[in-house]
Amino acid sequence: MLFVNFAILVFLFLKFAKKPLIGYLRGVRDKIKNELDTINGRFNDVKSTLDEEANKLKDIDQRIKEIQENAREIAKREKDKIIEDAKIAAEKMIENAKRYHNYRMALAKKALSDEMVDVAISMVEEKLTKKISEEDNEKLINKFFTDLQTLKLNLN
């Protein structure tokens, strides 16, 4: 008898509650479907953002390599420029040292020459004072003054 009562209850429930129950279940289904669609949309948005960020990370590795390569290239050019500038500076220093050396050599030669002339003059003077008499000295002085006057007349 319990079974019959249950069957009658199920029959009545299906006859009168079927449409409202189906409507309710359809509403729940639609609500769940809308929520799933919303969640799927958000999921797709997040996934696309994640993919974009992953691509950026892939690109950032490449960009980092490019920046490193550019930095190496700039550093190499700068190194070459510094080396070239150093070579030019060294050449200038060598040239300046050579000029200074030549200048000092010329000064030394002039000083040596002047000293040699002084020594030669003193030697000649010494020999002349020993060999030239007072009379010869007077003749030389007179000849010197005569030559000066002649030169003066020629210049005028």
Please pick out the residue among V10, V4 that is exposed (fewer than 10 other Cβ atoms within 10 Å of the Cβ), assigned to a helix (DSSP H, G or I), out of contact with any Pro (no Cβ under 7 Å at 6 or more places or on another chain) and not hydroxyl-bearing (S, T, Y). V4
Out of the residues in the stretch 103-156 that are surrounded by fewer than 10 Cβ atoms within 10 Å (Cβ to Cβ) and of a type in the set (S, T, Y), which is farthest from the chain's Cα centre (by Cα)? S133
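Bear in mind these aren't lab numbers, they're just calculated from the coordinates by the rules spelled out. None of the values given here were measured: they were computed from a predicted structure. When we count neighbours, we look across all protein chains shown, and the Cβ atoms used for this are built from the backbone with ideal geometry, even at glycine.
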